[in-house]
Amino acid sequence: MSDAINVKNISKIYPGFTLKDITFDLPKGYIMGFIGPNGAGKTTTIKLILNMIQRDGGTVEVFGLENIAHDAEIKEQTGVVFDNHYFVDEWTLNDINRVMALFFSNWQSSIYQKKLEQYQLNPVKKVKELSKGMRLKLMLAVAFSHDAKLLILDEPTSGLDPVARDELLDTLAEFIQDGEHSVLFSTHITSDLEKVADYITFINDGRLIYTGIKDEFIDSFRLVKGGKEDLTPDVKAHLIGYREYGSGFEGIMYTEYANYFPNLLSEKSSIDNIIVFTYKGTNGL
Amino acid sequence: MKITLSNLSGIPIYEQIKDQIKSQILSGELKEGDKLPSLRELARDLRISVLTTTRVYTELEKEGFITNIQGRGCYVLGEGSELLKEHMLREMERNLSDALKAAKIAGLDISEVHQALDLMNEEKQNE
Amino acid sequence: MKDILNALRFNFILVKPYLRYYLLGFVVVFFFKIMGSEIDAVSFMLFMLLSTHLYPFQLEEKNDLYRLYGIAPIKRSVLIFGRYLFIIVISLIDWLLAMMMEYAFSKSTIIISDYLISSLFIFSIFLILTAFEIPGLYKLGVIKGRWIVYVPLVLMFIIVFLADAFQILESTSHWITANFWLVPTVTIIVLSLSVSLSVRIFNRKEF
């Protein structure tokens, strides 16, 4: 078994939104950044992987196991972090220890307590008394206390200061050290991923735009700039998305197309720009 | 082993790491038999992707600078390495070809090129 | 089995913030009894207990605990069994306490066997009403579902009222006493149907 997650052609139909044909693989031992603008379908995809909502098509395997038939087995080894805690806010951190021991057969109380100490979380405090950063650490403490081999994070860093985000990256890099642990990290703060992510899956408006090695992802796009007169219909046809301003324009193009237009300034793009311009392009902005 | 990365230089990260390791091996800072940090340790320390460090080590191994011993890690190969010799030979040929091109543009003939080469060699011996 | 017991224990930790409200019925009845009231402790306490069924659901909804259920390696049906077991355990404790209080404060002598039969009958009615309420709460949520218990309750009062009006109330109660085995049987059947309905509803729920 060499993959942590295999997702193939999964889809989900909602009244106002459709997720269709999302396919990607996360090899064991690596970090995958899952990116896309708000509303692209990242949380829906994660919920499909976790079997929290019913899928309308496709297959999902985690650790090589079909995710519905082996739901409990998979979840014993999967740690999840959401953008907000999933506990009763009146519970103390000790209560969480008791609850998790009831749900996870390999729950290690001693590790949980050690993690609370390490993260400087007071066990008698109630969940509602914790700051955003502490809640993230709490969810990580829980994830690490039942020997999770896969960590799934859904927008964990919105609302966190740069120091906390930095600490999280360190934690994730440490987590995958032995090559047996994997991370799926959905975020719209892509500067975090620009550094540590090995793979990127990029979705927009319920569709898969790219999945593969992060370095290759960045290399397949170019940020092109030019003057007003350079924005010919031919150029426009090859732009994924662009923005016009007073003296010219800038936009995103696939690298091979950018080579057709040597008159344009072409440079390596940040992941953010790729997302922003793809979004603009889809929405006719 | 010392690696310093620049995000602004425009040079791909993996190339920067490769060049810095190579030059440290060639300068002797990294000696034959020295153990390099593991792929994952390096990725964690430099805050980069594990796939990037994998690419660096794979290419360095192909070029004969390091060797990967299964289960033990990556070690620096010394100047006795055949692969390294071959690689450096090709590099020398490339540099000589560049030198000849430059000489032609400057209007120098082959004996002047020989002279310059001998002079440079003397200076290097005296260093 | 162990799973279901864990789910039961989980419910006790879940309702921790509302624990005091469970005791409210007991305190109110105790107060009435001290004041000399003749109200039937069992009926009153069980009636008050009907509204406490909301608490675990309220806490789930308020805290979006479905995400916890979604990531925990526990089957949804086991969570349902745990919830029903929790309600039955709480109700049994409440029922026993009510009967003890009734006995402690009784002014006239009670024929134990008669009293137990009527008390058991009330408890069974309570369980049947509960069996209606729980699937309603799973399907409609707390805000809409809380009224669902009152529909069979009102129906019940209407039936009793009509039976009284047509003067068949006494003959009916005699018949029930004579065939009392029907009471727990019907209760168990209704509860089982309720559980399977709740399981079906909860399995389809999107977390």
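The values are calculated or read from the model by the stated rules, or taken from the named source; none is laboratory data. It should be emphasised that the depicted structure is a prediction, and the values quoted were computed from it without experimental measurement. Don't worry about glycine lacking a Cβ; one is built from the backbone with ideal geometry, like all the others, and counts go over all protein chains shown. Quick note on the areas: whole protein, heavy atoms, side chains included, nothing else; ligands and nucleic acids left out. Shrake-Rupley method; radii C 1.70, N 1.55, O 1.52, S 1.80 Å.
Points to keep in mind about this one:
- Filtering B:L100, B:L51, B:L84, B:L96 for residues that are assigned to a helix (DSSP H, G or I) and within 14 Å of chain A (Cβ to nearest Cβ) leaves a single hit, B:L51.
- Beta carbons closer than 9 Å, at least 6 apart along the sequence or on distinct chains, pair a first residue in the stretch A:190-215 that is at the interface with chain B (Cβ under 10 Å from one of its Cβ atoms) and of a type in the set (G, A, S) with a second that is assigned to a helix (DSSP H, G or I) and surrounded by 23 or more Cβ atoms within 10 Å (Cβ to Cβ) for A:A197/A:K214.
- Positions within the stretch C:61-109 being charged (D, E, K, R), surrounded by fewer than 20 Cβ atoms within 10 Å (Cβ to Cβ), facing chain A (nearest Cβ under 10 Å) and under 30 Å from A:A69 (Cβ atoms), in sequence order: C:D64, C:K75, C:R76
- Residues in the stretch A:13-42 that are within 11 Å of another protein chain (Cβ to nearest Cβ) and not in a loop (DSSP other than H, G, I, E, B): A:P27, A:I31, A:M32, A:G33.
- Residue count for the stretch A:146-174 under the criterion of being in a helix (DSSP H, G or I) and of a type in the set (V, I, T): the result is 2.
- Cβ-Cβ under 7 Å pairs, at least 6 apart or on other chains, the stretch C:54-82 side assigned to a helix (DSSP H, G or I), far side of a type in the set (G, A, S): C:E61/C:G141; C:V78/C:A7; C:L79/C:A7; C:I80/C:S198; C:F81/C:A7; C:G82/C:A7
- Which listed residue, of C:S43, C:S37, is surrounded by fewer than 20 Cβ atoms within 10 Å (Cβ to Cβ) and part of a loop (DSSP other than H, G, I, E, B): C:S37
- Selection of the stretch A:96-109 for residues being open to solvent by 70 Å² or more (accessible area, probe 1.4 Å) and either part of a helix (DSSP H, G or I) or among the aliphatic types (A, V, I, L, M) (or both) yields only A:R98.
- The set of residues from the stretch B:8-33 being open to solvent by 50 Å² or more (accessible area, probe 1.4 Å) and either aliphatic (A, V, I, L, M) or more than 9 Å from chain A (Cβ to nearest Cβ) (or both) comprises B:L8, B:S9, B:I11, B:E15, B:D19, B:S23, B:L26, B:S27, B:E29, B:K31, B:E32.
- Within the stretch C:168-207, being surrounded by 12 or more Cβ atoms within 10 Å (Cβ to Cβ), assigned to a loop (DSSP other than H, G, I, E, B) and not charged (D, E, K, R) holds for C:I168, C:F180, C:F207.
- Given (1) under 17 Å from C:R67 (Cα atoms); (2) facing chain C (nearest Cβ under 10 Å); (3) in contact with an Asp or Glu (Cβ under 9 Å, 6 or more places away or on another chain), number of the condition A:S105 does not satisfy: (1)
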